[in-house]
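Enquirer: If you scroll down you'll find the structure; I have some questions about it.
What follows is calculated from the coordinates using simple rules that are stated; it is not laboratory data. Keep in mind it's a predicted model, so treat the numbers as computed, not measured. Note that we place each Cβ from the backbone using ideal geometry, even for glycine, and neighbour counts take in every protein chain shown.
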Amino acid sequence: MQNKRFAALLLACLLQLPLVAREERHICKNAFDALENKAELFAPGAWNPWPAYSDRAGWKALVGDKKDELVSRARKYLKYKYQVIPASLYLTYEKTGNRSLYEPLKANTEALQSLIIGELAEGKGRFLPQIINGIYYFSACLPSWSGSGSDARDGVRNRMLPDPRKHLIALTSASRAPIVAAGLHFFKEEFDKVDPMISELCYKALEDHIFNPYLDEYRYNHGHQWLGFLGNKVNNWNTYCNVYVLQAFLLADRDPQRLLRAVDQCARSIDRYLDTNKLDGACDEGPSYWSMAGGKLYEYVRIMRDVTGGTMDLFGDGQVKRIMEWRSKNYVTDGWAVSFGDGGARQTGGGPLLYRVGIDIGSEELADLGISVSADPSAKKFSDKLETSHDIYRTMEAVRAAGDFEKAQKAALESAGGDWDAMMNGLRASATSFWYDETEHAYLRTRNGWFLGAKGGHNAESHNHNDVGSGVFFVENCPVLIDVGVATYNNTTFSKERYEKNWNVQSQWHNLPIINGKQQQNGASFRVKDTRCDVKANTFQTDMAGAYPEEAAVQSWQRSYALSSTSLAITDRYTLSARKAADVEVFITQAEPRLPGETFDGYKVKAGEVLIPARSYDGTKTIAMKMRFPKGMTASKEENVLSDKRFIAAWGKSIWRLKFTSDEKAPLTGVYEFKLTRK
């Protein structure tokens, strides 16, 4: 049974669902085919996004006042020893799901990237010996660039020890490729002065790990299903792997025919991402995955525009723009995001990327979000440190845009007359209610800072939680009704035991009813119907009956939300074919709710209501919300003491489940109505 858990790992990640029939647009492939002189545009060495190593004036202009910071980061690794990955770490993951394997891999990668960027910034050669050590390590001392879990061995996916005869491109190996390729791209002449074999080993490693496997058609159905060439739906793996691989090819491949084939294949594969995902642009995987999905799509479009001198420019495409701008629609405020799917409720950082995306797609809202999330609300200032990542292209582009980004930050504060709070409010003023009609995500806002996120859809979405019909509710930066979000991944996260072993994906831990004693079920057939949203009226409704099993005996369960600047009404109108057990309406809160007769801050809770305290993330603000509940229902509460570090980072030591239980003989047809107002 243990080994079978891993057999579904990649399958669950790539989630092959029946596709919604619609015309495929092939916008990337069509735009690529329309290019003239493709062989010249994409010739080896034609892509030079940054100055040559020898161009010291170019590097001085590019890094500007960030030079000392970049050099300082590299200096930390002057005596770094690249870590060997013992077999025991791979084998341990098989048994326990412990991802400690990633730590040495991550450290080795961070060291090499920091050294490369530091040497490019300084140009004195003192980091070159350690860069050579890193290049040699990845080229000759590491049998596979794969990590554990999602990079499991081809053909026998319950085994984690990589097979060096069958290199697979997956999340870990793909992200490593452009860093190694950048080392060869910038320092080949310097390597050759030491020993030409360094460059040859590096190039051979890129061929073995990336270039040849990417174009191997056998792998389309044997580990590289993320390409989407089997007619399957694809997710963030597609954009993430494709773009890293494309960067490596453009930076380092010497074979003009292979390079052109790779660029062509990448265009066809990115089309699979666009054509098998919704045209509305919503990311059903959750906000944590936007950086890998929409963010990587942005980098693909930007690279292709730059390589072709603007001839291939897809930034004006409606779907492309909506995918990129979704990140702003999903963002609530003060670091909070709507955590549907495997999305973390706290989404901080990423400001430089969001700003650049906003500028390139002409979205003031997204550019402003980039400025907003780069602010430190408690200190009321912008950080002067460069935001980087384990991504050499993204880091270098952040360095390039640092000056413009800092000017935009300064301008935003000046336009608010130096008033920090006014600036922060102004940066989100352009964010309005929005409805993604295909994905069925609603993000509804009021001018006074009340926010509702609600969803329809089905229970087989990528990174699915059984949560259709659920909603989250914030008032003035304070979470009132929450979605706990995603836990630290383990060996059951994407296994057949996902819904049994992980409580956070179960519907009983979302803001949803337990009907006749039954929860929602997972699977594409468990879905809502008749979903509607009115962004002008700030209302959302859907029939959730289809998300519950036959044993729930539910014919209709119409959930509606109505948001105003002073209240949120949640109404369930239901019809059952039989009464088997009491209904339980569930709402999840961050802080302990107070039941009738209990007190909070001197206020005694009245009959027929509960009181829900909600606090801001920094703890400086607490508001109290009254929630009226139906007669005939009994209110109760229970604490869930959290142990997972991702949950604790977002919510603290515990969360609470507020339950309203009907009479066991409640009628077969009825209405449950809840109304939240500020105390």
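Enquirer: Once phi is turned into ³J(HN,Hα) by the Karplus curve 6.51 cos²θ - 1.76 cosθ + 1.60 with θ = phi - 60°, what whole-Hz value does each residue of segment 548-563 show in order, with x for glycine and proline?
Expert: Going residue by residue, I get 10, x, 4, 5, 6, 6, 10, 8, 8, 9, 8, 9, 10, 10, 9, 9 Hz, with x marking Gly and Pro.
Enquirer: What FRET efficiency, computed as 1/(1 + (r/R0)^6) with R0 = 25 Å and r the Cβ-Cβ distance, is obtained for LYS81 and ALA140, rounded to the nearest 0.05?
Expert: With a Förster radius of 25 Å, E is 0.95.
Enquirer: Would you tally the net charge around PHE191, using a Cβ to Cβ cut-off of less than 14 Å, leaving PHE191 out, and scoring K and R as +1, D and E as -1?
Expert: Net charge in that neighbourhood comes out at -3.
Enquirer: How far, in nm, would the chain grow between ALA460 and ASP163 when pulled straight, counting 0.36 nm per residue and subtracting the alpha carbon separation? Present the calculation step by step, with values, prior to reporting the outcome.
Expert: Working: separation 297, 0.36 × 297 = 106.92 nm, distance 3.16 nm.
Here the answer is 103.8 nm.
Enquirer: So what are the ³J(HN,Hα) numbers for segment 128-133, from phi and the Karplus equation (6.51, -1.76, 1.60; θ = phi - 60°), rounded to whole Hz, Gly and Pro as x?
Expert: Running phi through 6.51 cos²θ - 1.76 cosθ + 1.60 with θ = phi - 60° gives 4, x, 6, 5, 4, 4 Hz.
Enquirer: Right, next: Once the Cα atoms of segment 307-445 are picked out, what are the Rg and Dmax in Å?
Expert: So, for segment 307-445, Rg and Dmax equal 15.4, 45 Å respectively.
Enquirer: Please compute P(r) over all alpha-carbon pairs of segment 558-625, binned at 10 Å starting from zero, and give each bin as a whole-number percent.
Expert: All Cα pairs, binned at 10 Å, distribute as 15, 37, 34, 12, 3 percent.
Enquirer: As an exercise, use a Förster radius of 35 Å and the Cβ-Cβ distance of VAL641 and ASN448 to find the FRET efficiency, rounded to the nearest 0.05.
Expert: Numbers: r = 34 Å, r/R0 = 0.98.
Efficiency for this residue pair is about 0.55.
Enquirer: In µm²/s, what is D for segment 472-516 at 25 °C and 0.890 mPa s, where D = kT/(6 pi eta Rh) by Stokes-Einstein and Rh is the Kirkwood radius from Cα pairs?
Expert: 201 µm²/s
Enquirer: Same structure again: Taking N as the number of residues in the chain, what is its alpha-carbon radius of gyration divided by 2.2 N^0.38 Å?
Expert: This ratio for the chain stands at 1.00.
Enquirer: Mind checking Rg over Rh on segment 25-78, alpha carbons, Kirkwood formula for Rh?
Expert: Value, to two decimals: 1.24.
Enquirer: Give the whole-number value, in cubic angstrom per residue, of the convex hull volume spanned by the C-alpha atoms of segment 349-431.
Expert: Taking the convex hull of the Cα positions in segment 349-431, it is 89 Å³ per residue.
Enquirer: Near the amide H of GLN555, under 5 Å away, which other amide H atoms are found, from residues 5 or more places off or on another chain, if H is placed in the peptide plane?
Expert: Distant-sequence amide H within range of GLN555: THR575, LEU576, SER577.
Enquirer: Starting from the amide H of ASP313, placed 1.01 Å from N in the peptide plane, find each other amide H under 5 Å away whose residue is 5 or more places distant or on another chain.
Expert: So ASP313 has HN proximity to no qualifying residue.
Enquirer: Ordered by residue, what ³J(HN,Hα) values in Hz, to whole numbers, does segment 188-200 give under the Karplus form 6.51 cos²θ - 1.76 cosθ + 1.60, where θ = phi - 60° and Gly and Pro are x?
Expert: Here the 3J(HN,Hα) series is 4, 4, 5, 4, 5, 5, 7, 5, x, 5, 4, 5, 5 Hz.
Enquirer: Can you report the principal axis dimensions of segment 154-231 using only the alpha carbons, biggest first, rounded to whole angstrom?
Expert: The principal-axis extents, from largest down, are 46, 26, 18 Å.
Enquirer: Another question, if that's okay. Given the Cα atoms of segment 194-258, and with Rh set as the inverse mean 1/r over their pairs in the Kirkwood sense, what is Rg to Rh to two decimals?
Expert: That ratio equals 1.05.
Enquirer: Could the peptides 410-417, 505-512 be put in order, highest first, of the mean number of other beta-carbon atoms found within 10 Å of their residues?
Expert: 505-512, 410-417
Enquirer: Next up: Against the longest principal axis of the chain, how steep is helix 294-307, in degrees 0 to 90 to the nearest 10, with axes from Cα atoms?
Expert: Once rounded, the angle reads 30 degrees.
Enquirer: Kindly list the residues of segment 509-534 that lie in the label zone of GLU550, defined by a backbone N under 13 Å from the point 7 Å along the Cα-to-C-beta vector.
Expert: The answer is none.
Enquirer: Now for a separate question. How about LYS29: which lysines have a C-alpha closer than 22 Å to its C-alpha, ignoring those fewer than 8 places off in the same chain?
Expert: Partners found: LYS38, LYS233, LYS278, LYS296, LYS321.
Enquirer: Once fully extended, how much extra length lies between GLU364 and ASP306, figured as 0.36 nm per residue of separation less the alpha-carbon to alpha-carbon distance?
Expert: Contour length minus the Cα-Cα distance gives 18.7 nm.
Enquirer: Let me ask another. Given just the C-alpha atoms of segment 244-294, how large is their convex hull per residue in cubic angstrom?
Expert: 72 Å³
Enquirer: Loop only by DSSP, 14 or fewer other Cβ within 10 Å of the Cβ. Give me the trypsin sites (Lys or Arg not before Pro) in segment 587-628 that pass, ordered by residue number.
Expert: Sparse-neighbourhood loop trypsin sites (Lys or Arg not before Pro): LYS606, LYS621.
Enquirer: Taking the Cα of TRP420, stepping 7 Å toward and past its beta carbon, and measuring to each backbone N in segment 589-619: which are under 18 Å?
Expert: 616-619
Enquirer: Still on this structure, please answer the following. How big is the dipole moment of the chain about its Cα centre under a simple scheme where the beta carbon of each Lys and Arg is +1, that of each Asp and Glu is -1, and everything else is neutral? Debye, nearest 20, please. Can you show the working numbers first?
Expert: Working: 87 positive and 83 negative charges, 318 e Å.
So the dipole magnitude of the chain works out to roughly 1520 debye.
Enquirer: To continue, here is another question. Express the C-alpha Rg of segment 381-502 as a ratio against the empirical globular expectation 2.2 N^0.38 Å, rounded to two decimals.
Expert: That works out to 1.43 for segment 381-502.
Enquirer: Report the percentage of all Cα-Cα pairs in segment 434-678 whose separation exceeds 21 Å, rounded to a whole percent.
Expert: Values: 16955 of 29890 pairs.
Counting pairs separated by more than 21 Å, the tail of P(r) holds 57 percent.
Enquirer: Label-point separation (nm) for ASP663 and TYR489, each offset 7 Å from Cα along Cα-to-Cβ?
Expert: Placing both labels 7 Å beyond Cα along the Cβ direction yields 5.0 nm.
Enquirer: Another question, if that's okay. At HIS222 and ASP534, where each label point lies 7 Å from the Cα along Cα→Cβ, what is the point-to-point distance in nanometres?
Expert: Calculated label separation equals 5.8 nm.
Enquirer: Further question on the same structure: For segment 565-679, take every pair of Cα atoms, bin their distances at 5 Å starting from 0, and report each bin as a whole percent.
Expert: In order of increasing distance, the bins hold 2, 10, 19, 21, 18, 14, 9, 5, 2, 0 percent.
Enquirer: Could you pull out every one of the lysines with an alpha carbon less than 22 Å from that of LYS410, ignoring same-chain neighbours closer than 8 positions?
Expert: LYS66, LYS67, LYS380, LYS381, LYS385
Enquirer: Another question about this same structure. What FRET efficiency comes out for the pair ASP404/ALA46, r = Cβ-Cβ distance, R0 = 30 Å, nearest 0.05?
Expert: Rounded to the nearest 0.05, the efficiency is 0.70.
Enquirer: Taking 0.36 nm per residue of sequence separation and subtracting the Cα-Cα distance, how much length would be gained by fully extending the chain between LYS204 and GLU23, in nm to one decimal?
Expert: Answer, rounded to one decimal: 61.1 nm.
Enquirer: Once you list every other residue whose beta carbon is under 11 Å from the beta carbon of ASP313, what net charge do they have if Lys and Arg are +1 and Asp and Glu are -1?
Expert: Net charge around ASP313: -1.
Enquirer: While we're looking at this one, here's another question. If one takes the longest principal axis of the Cα atoms in the chain, at what angle in degrees, from 0 to 90 and to the nearest 10, does the Cα axis of helix 351-361 lie?
Expert: 90 degrees
Enquirer: Let me ask something else about it. If you count, for each residue, the other Cβ atoms within 10 Å and average over each peptide, how do 255-267, 653-665 line up from highest to lowest? Mind showing how you got there, number by number?
Expert: Values: 255-267: 18.3, 653-665: 16.2.
Descending packing order for the listed peptides: 255-267, 653-665.
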